[in-house]
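Engineer: Supplied in structure tokens, the structure appears directly below.
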Amino acid sequence: MRRVLSCVLLLMLLAGCAEEPETKIFPYPYEVTDIENGLRVVTVETAYPEVVALHIVVNVGSRNEVEPGRTGFAHLFEHMMFRGTEKFPPERWEAIMQDAGAETNAYTSDDRTVYHAVFSKEDLEAILELEADRFQNLKYSEEVFRTETRAVLGEYNKNFANPMRKLDEIVRKTAFTEHTYRHTTMGFVEDVENMPEMYDYGLKFFDRYYRPEYTTVCIVGDVPDDALALVKKYWGDWERGSYQPEIPVEPPQGEAKTVDESFHTPTLPIVSVSYHAPAYDDEANDSAVLDVISYYAFSENSDLYKKLVVEEQKVDAMYPAYYDHRDPYLFSVVARVKEQKDSEYVRDQILATVEQLQNELVPIEPLEDVKSHLRYGFAVGMNSTPAIAGTLAHFINMRGSPETINKRYALYESVTPDDVQRVAKQVLVESERTIATLRHAPEGGAE
Amino acid sequence: MCRLLLVGLILIANALAAPPEMLTLPSESPLVAFRILLRTGAASDPEGKEGVAALTAAMLSMAGTKEKTYDEIVEALFPMASSVSAQVDKEMTVFVGTTHVENLEAYYELLRSMLLEPGWREDDFRRLKDEAKNYLRIQLRSNNEEELAKEYLFLQIFEGHDYGHHSMGTIAALDKLSLDDLKSFYADNYLQGNLVIGLAGCYPERFAERVQTDFAKLPEGATRREPMAQTVSPKKLRIRIIEKDTRGTHIALGFPIPVNRSNGDWPALKLVQSYFGQHRSSKSLLFQKLREIRGMNYGDYAYIEYFPSGMYQFKPDPNLARSQQIFHIWIRPVEPRNGMFALRIALYELNKLVEDGISAEDFEATRRFLGKFVSLLTQTQSEELGYALDSRFYGIPPFRGYVKDAWTGMTVDDVNSVIRKYLRATDLDIVIITKDAAGMRDAIRSGQASTIEYVSPPPKEILDEDKVIGRYPLDVGSIEVVPASRVFED
């Protein structure tokens, strides 16, 4: 049934947040259904007409790459999923997607692989059939596998000049010793180069993870009434698997670490300060408090940003990075410094800000501004069916239901100055800290 | 029934007798979107002041007003999670922002004062000038080789033309720019007659009129410009190789086309481009030949309009409308050992397209795809506004209907005649970024056949075709090696 979501209703929903924390921020009607084989189906009516976004979320990412020499495999496998089946070889798959005028692609992150497509609602059945087939019956030759590994190497190469890629690599490798977050989603370059030899492992990977219990089918937009029945029709025979990876637990870091690396091509010096930090949560509020801290203390509205970027102009970009993860990950602050001589000063300013969070209670008003920013940021971001589906896929990967969005935003509303101080003291501690610097050290020759 | 959809495009240019013109898209969305567009941009940078259009726009969108410092503006915008961003291209400058209708009053007051009452502070100017220079030297030249190849191709094709410098400027000119230069540019270009105000969403009654009245405080008149000369294509292949420490070899190539959206042949050429190299689509011909069959790289596409930041986005941003466009091919990085082969296969496939045209079957499939895909280009109010403003620039009806109607009445013969009329695989510009620039130059000059190395040999018919491609003649007119450190300097 179509729910009317007028401008006025959305206004009421949002306006209510400040006074009634129990009001839900996710304004769209949704249904979550687990079918018999363990596949979860989430449908969300967005009220934007005609268009449907299909996001198939597989709870496998580089986090699952537990075996040595296999880093980057979840991402490689995302590529292999476009290599066809007996019933729908790649050219047939392409032709059907093309006929639907679909915009389609996929991505892999630390925690998930997502296959997404946007198209007119009348094509939903054809596309559900197509997608169900490749998730169950993917089939490719070793030659095709080897060829595709070179496209992945090409993807690594295209990002090679980006210093943030390098920073990500060195911070993870330094801060983590056990957990698979030690490597990026792209993987260690030596593993990427060796991918052509891993055909057999590819078969094993598909058998382990491309199973209904790892997967959620999200249908978002102008959802036809028979959407769930169609999923059951095409995905209902998919066999459940049994594999459970043993993801290593990261032990306490125990002592502060530093890493300094040079970058092969000119860049401004980059300084980052990172701390091991809790996983995504919608019950305990520590991770929500850290989100609030990241905006309060390190966003463009923070005192530190105003000082370093606007007033002193020693830094040309600064941002916090604390991204939701299924397992404990990192809370980071990254600053790009205009001159090398100021790197240590900038680092010390970040550390002094952390110390201040631990020693002084933050005022109420700026905290309320952060909450408002989070609330309106969510509302402003929900501006199309694909945007809503993209946000949903993230939270589905975290907790399996849109309800986690409401719970998480309710947690933001409850954050107090005491929470900020408590979490800063517990999490942003020296023994869990990694400081990384990256700069270009010219050796002459080509830039 | 729920109707968050846009209820239609209403042109209220006549609501007031005088400009500025407005495009409004009232809807029931609680989000209100602004696109405040000026018909001016980097093509209007005076000689020696390259970058003044972009820096002026930055001084409006990322600096203080008469009343408020930049800090105070950020502080006021932050709780609304809204911003004002500027996009400056050759002939358009647009200020874009979206806010929740609950915050509309406060947001609009900031937006209005930012655009109409700039603060022109020295410290903001110093910060934004540094930012512009760092963008050119570090972010673009050093840290983004894919964008560098494409941007440099435009500079090469439009050398000596009004489009002949990057929209952000040159380092030499930026160094010399003063605040007075920006104030002059603002006074000469931020005129009522250059302005179109785009507004969408669930804004209150009479709000649009209020915006229009406020912006009528800008001086009257419009900038008069002489028609731009057409750029001249090189004879044969004009090749520049940027020498840079990189893992891959990057290639962009193209030539100017006398076709933009206002030309009746544009929809047919758009269809050709989609078939040959639809952006980020694995169905297109170039992608199939280079990546899917040969595993050479991550992707390969073709364009008939400027499309910056293609490595980050699937759809082009609106409001990059230009009188003069180019046809171009973007080859994402290949392994250097396959660089020569990549160059040859791009030209070989382009030549084949020109000689053989499109089959009836491919024509039909591409037409079906585009007929639906075009609806996905305007998913948000802001995009819808942007396309409407672009259609106004080009003097065409609303975009979706315009192209769909054109495709409906089209035949494969129409398309193939457009290919013959506008496309070619010679007399064009090529940009290559690679580490061993001298080696690449010598290999091109030698005319020796190129080979490709595979991790898994493809079928015999592909290997046979590789031999033909490897010998594809390169009719080189000029070839020059450019150190990366020189790019964008002057």
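Engineer: State all residues of region A:146-166 that are within 7 Å of another protein chain (Cβ to nearest Cβ) and either in contact with a His (Cβ under 7 Å, 6 or more places away or on another chain) or open to solvent by 10 Å² or more (accessible area, probe 1.4 Å) (or both); if no residue qualifies, say none.
Structural biologist: A:ARG146, A:THR147, A:GLU148, A:ARG150, A:ALA151, A:GLU155, A:LYS158, A:PHE160, A:ASN162
Engineer: Looking at region B:217-253, which of the residues that are part of a strand (DSSP E or B) and within 14 Å of another protein chain (Cβ to nearest Cβ) is nearest to the chain's Cα centre (by Cα)?
Structural biologist: It comes out as B:ALA252.
A quick yes/no check of all residues on (1) surrounded by fewer than 24 Cβ atoms within 10 Å (Cβ to Cβ); (2) among the acidic types (Asp, Glu); (3) in contact (Cβ under 8 Å) with a residue 60 or more places away in the chain; (4) over 30 Å from A:ARG92 (Cβ atoms):
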position: B:LYS283; (1), (2), (3), (4): yes, no, yes, no
position: B:GLN288; (1), (2), (3), (4): yes, no, no, no
position: B:ILE293; (1), (2), (3), (4): yes, no, yes, no
position: B:ASP300; (1), (2), (3), (4): no, yes, no, no
position: B:PRO318; (1), (2), (3), (4): no, no, yes, yes
position: B:TRP330; (1), (2), (3), (4): no, no, yes, no
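Engineer: Which one of these is touching a residue at least 12 places away in the same chain (Cβ under 8 Å), closer than 28 Å to B:PRO458 by Cα and polar (S, T, N, Q): A:THR108, A:THR113?
Structural biologist: From the options A:THR108, A:THR113, the qualifying one is A:THR108.
Engineer: Of the numbered conditions (1) in contact (Cβ under 8 Å) with a residue 12 or more places away in the chain; (2) crowded, with 19+ Cβ neighbours inside 10 Å, A:GLU94 fails exactly one; give the number of that condition.
Structural biologist: (1)
Engineer: Another one. Counting just the residues of region B:80-105 that are within 20 Å of the chain's Cα centre (by Cα), in a strand (DSSP E or B) and of a type outside the set (Gly, Ala, Ser), which one comes out nearest to the other protein chains (Cβ to nearest Cβ)?
Structural biologist: B:VAL96
Engineer: Among the residues of region A:208-246, write down those that are open to solvent by 50 Å² or more (accessible area, probe 1.4 Å), assigned to a helix (DSSP H, G or I) and touching a Gly at 6+ places or on another chain (Cβ under 7 Å).
Structural biologist: A:GLU213
Engineer: May I pose another question? Could you tell me which numbered condition A:ASP111 fails, if it satisfies all but one of (1) among the acidic types (Asp, Glu); (2) at pLDDT 90 or above; (3) farther than 19 Å from A:MET186 by Cα?
Structural biologist: Failed condition: (3).
Engineer: So, one more: Looking only at region B:448-465, count how many residues are more than 13 Å from chain A (Cβ to nearest Cβ) and either part of a loop (DSSP other than H, G, I, E, B) or in contact with a Lys or Arg (Cβ under 8 Å, 6 or more places away or on another chain) (or both).
Structural biologist: Number of matching residues: 4.
Engineer: Residues to consider are A:THR185, A:THR147; find the one that is touching a Ser or Thr at 6+ places or on another chain (Cβ under 7 Å), part of a helix (DSSP H, G or I) and among the hydroxyl-bearing types (Ser, Thr, Tyr).
Structural biologist: Of A:THR185, A:THR147, the one residue that is touching a Ser or Thr at 6+ places or on another chain (Cβ under 7 Å), part of a helix (DSSP H, G or I) and among the hydroxyl-bearing types (Ser, Thr, Tyr) is A:THR147.
Engineer: Next question. I need the full set of residues from region A:354-374 which are part of a loop (DSSP other than H, G, I, E, B) and more than 14 Å from chain B (Cβ to nearest Cβ), in order please.
Structural biologist: The answer is A:GLU360, A:LEU361, A:VAL362.
Engineer: Okay, moving on. Restricting region B:355-401 to residues that are aromatic (Phe, Trp, Tyr), in contact with a helix residue (DSSP H, G or I) (Cβ under 7 Å, 6 or more places away or on another chain) and more than 8 Å from every other protein chain (Cβ to nearest Cβ), which is farthest from B:PRO30 (Cα to Cα)?
Structural biologist: Of everything passing the filter in region B:355-401, B:PHE363 is farthest from B:PRO30 (Cα to Cα).
Engineer: Let me ask something else. Of a type in the set (Asp, Glu), in contact with a Lys or Arg (Cβ under 7 Å, 6 or more places away or on another chain), closer than 30 Å to A:LEU374 by Cα and in contact (Cβ under 8 Å) with a residue 40 or more places away in the chain: does that describe A:ASP291?
Structural biologist: Judged against the criteria, A:ASP291 is not a match.
Engineer: Going by what's in this entry, would A:GLN136 be described as open to solvent by less than 40 Å² (accessible area, probe 1.4 Å) and either within 11 Å of another protein chain (Cβ to nearest Cβ) or polar (S, T, N, Q) (or both)?
Structural biologist: Here the answer is no, as A:GLN136 does not meet what is asked.
Engineer: OK, next. Are any residues in region B:334-352 open to solvent by 10 Å² or more (accessible area, probe 1.4 Å) and more than 14 Å from every other protein chain (Cβ to nearest Cβ), and if so, which ones?
Structural biologist: B:MET340, B:TYR348, B:ASN351, B:LYS352
Engineer: Restricting attention to region A:420-436, does a residue exist that is part of a helix (DSSP H, G or I), in contact with a Cys (Cβ under 8 Å, 6 or more places away or on another chain) and open to solvent by 20 Å² or more (accessible area, probe 1.4 Å)?
Structural biologist: No; the residues of region A:420-436 include none that is part of a helix (DSSP H, G or I), in contact with a Cys (Cβ under 8 Å, 6 or more places away or on another chain) and open to solvent by 20 Å² or more (accessible area, probe 1.4 Å).
Engineer: Just name the residue that is surrounded by the fewest Cβ atoms within 10 Å (Cβ to Cβ) out of those in region B:141-156 that are within 7 Å of another protein chain (Cβ to nearest Cβ) and assigned to a helix (DSSP H, G or I).
Structural biologist: Filtering region B:141-156 for residues that are within 7 Å of another protein chain (Cβ to nearest Cβ) and assigned to a helix (DSSP H, G or I), the one surrounded by the fewest Cβ atoms within 10 Å (Cβ to Cβ) comes out as B:GLU146.
Engineer: If a residue must be open to solvent by less than 60 Å² (accessible area, probe 1.4 Å) and closer than 25 Å to B:LEU353 by Cα, how many such residues does region B:393-410 contain?
Structural biologist: 4
Engineer: Return only the number of the condition from (1) touching a Phe, Trp or Tyr at 6+ places or on another chain (Cβ under 9 Å); (2) open to solvent by less than 60 Å² (accessible area, probe 1.4 Å); (3) more than 25 Å from B:ASP300 (Cβ to Cβ) that B:GLY221 does not satisfy.
Structural biologist: The one condition B:GLY221 does not meet is (1).
Engineer: Sticking with this one: All but one of (1) out of contact with any strand residue (DSSP E or B) (no Cβ under 6 Å at 6 or more places or on another chain); (2) in a loop (DSSP other than H, G, I, E, B) hold for B:MET296; state the number of the condition that does not hold.
Structural biologist: Failing condition for B:MET296: (1).
Engineer: Please verify whether B:ALA57 is assigned to a loop (DSSP other than H, G, I, E, B), of a type in the set (A, V, I, L, M, F, W, C), in the same structural domain as B:GLU151 (by TED's automatic domain parsing) and open to solvent by less than 10 Å² (accessible area, probe 1.4 Å), treating the condition exactly as stated.
Structural biologist: no
Engineer: Is there a residue being open to solvent by 70 Å² or more (accessible area, probe 1.4 Å), out of contact with any Ser or Thr (no Cβ under 9 Å at 6 or more places or on another chain), in a helix (DSSP H, G or I) and more than 14 Å from chain A (Cβ to nearest Cβ) anywhere in region B:470-488?
Structural biologist: No, because not a single residue in region B:470-488 is open to solvent by 70 Å² or more (accessible area, probe 1.4 Å), out of contact with any Ser or Thr (no Cβ under 9 Å at 6 or more places or on another chain), in a helix (DSSP H, G or I) and more than 14 Å from chain A (Cβ to nearest Cβ).
The values are calculated or read from the model by the stated rules, or taken from the named source; none is laboratory data. Quick caveat: nothing in here was measured; it's all calculated off a predicted structure. All Cβ positions, even for glycine, are placed from backbone atoms using ideal geometry, and neighbour counts span all protein chains on display. Heavy atoms of the whole protein, side chains included, go into the accessibility calculation; ligands, DNA and RNA do not. Shrake-Rupley method; radii C 1.70, N 1.55, O 1.52, S 1.80 Å.
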